[in-house]
Amino acid sequence: MKFPTSFTIETSRCRLLHISLDDIPHIMSATRYPGFNDGMVWEPPANAEELIAPFEANTKAWADDHAYSFTIEEKNSKTFIGRISIRPKGEFIWNFGFWTHPEKQNQGFMTEAVFAVMQFGFEQLGASKITACYAVWNRASEAVLKKAGMEFVEHIPEGFQKNGQWVPQNLFDITREKWLSQERLPTAPDQ
């Protein structure tokens, strides 16, 4: 199924929309916070121009129906909150990753966005299972995944390399059956 770049997902407080070059100043701002990129595969960019190639790759992946990267913004103010992406990991298995701008963390926005992307994955993409990984020390990401009904699958000692060192990760997942059977939290996206 083709999703045009005008495709958006709305929750009670957020709007998830196709990424934009207008996001670059917000991404640069987030990456200036010490430790922000420590749990992510990508390094902080030295300048805004370094963010153009990833934008183009994400836009191409969307056009090719290979992966979907969304900007998360507050619905009423249009304030930038962060990013969330979902991509295939196998037959009917999708994986997502996310980050929140440090100025918007601990306000429940990402929980809403995760519910919305999981709903998109199961209902629009036909996923039978959705997975996500996080650096083991990132308790905020772990809490978001647990709130979304995801469960621990395995510890990955060599998740990804950062500055020549392995960053251990935990893998969580949720099946379509569990997704359909769970009660939605009040912060779940509007139906």
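Data overview
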{"read-out": "Within region 104-124, tally of residues that are open to solvent by 10 Å² or more (accessible area, probe 1.4 Å), in contact (Cβ under 8 Å) with a residue 60 or more places away in the chain and either outside any helix (DSSP H, G or I) or of a type in the set (D, E, K, R) (or both)", "value": "2"}
{"read-out": "Condition check for residue 154: surrounded by fewer than 13 Cβ atoms within 10 Å (Cβ to Cβ) and not in a strand (DSSP E or B)", "value": "no"}
{"read-out": "Single match in 101, 66, 18 (criterion: within 17 Å of the chain's Cα centre (by Cα), within 26 Å of residue 169 (Cβ to Cβ) and open to solvent by 20 Å² or more (accessible area, probe 1.4 Å))", "value": "66"}
{"read-out": "Search result, residues across region 162-173 that are assigned to a strand (DSSP E or B) and either hydrophobic (A, V, I, L, M, F, W, C) or open to solvent by less than 100 Å² (accessible area, probe 1.4 Å) (or both)", "value": "162, 166, 167, 168, 169, 170, 171, 172, 173"}
{"read-out": "Of all residues making up region 21-52, the number that are surrounded by 16 or more Cβ atoms within 10 Å (Cβ to Cβ) and in contact with a strand residue (DSSP E or B) (Cβ under 9 Å, 6 or more places away or on another chain)", "value": "8"}
{"read-out": "Test: residue in region 22-41 that is charged (D, E, K, R) and within 24 Å of residue 115 (Cα to Cα)", "value": "yes"}
{"read-out": "Residue 27, sole failed condition from (1) at pLDDT below 95; (2) closer than 24 Å to residue 159 by Cα", "value": "(1)"}
{"read-out": "Residue in region 131-149 that is farther than 23 Å from residue 31 by Cα, of a type in the set (Gly, Ala, Ser) and either surrounded by 15 or more Cβ atoms within 10 Å (Cβ to Cβ) or at pLDDT 95 or above (or both) present", "value": "yes"}
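The values are calculated or read from the model by the stated rules, or taken from the named source; none is laboratory data. Not measured: the values here are computed from a predicted model. When we count neighbours, we look across all protein chains shown, and the Cβ atoms used for this are built from the backbone with ideal geometry, even at glycine. The area values use the complete protein model at the heavy-atom level, side chains included, leaving out ligands, DNA and RNA. Shrake-Rupley method; radii C 1.70, N 1.55, O 1.52, S 1.80 Å.
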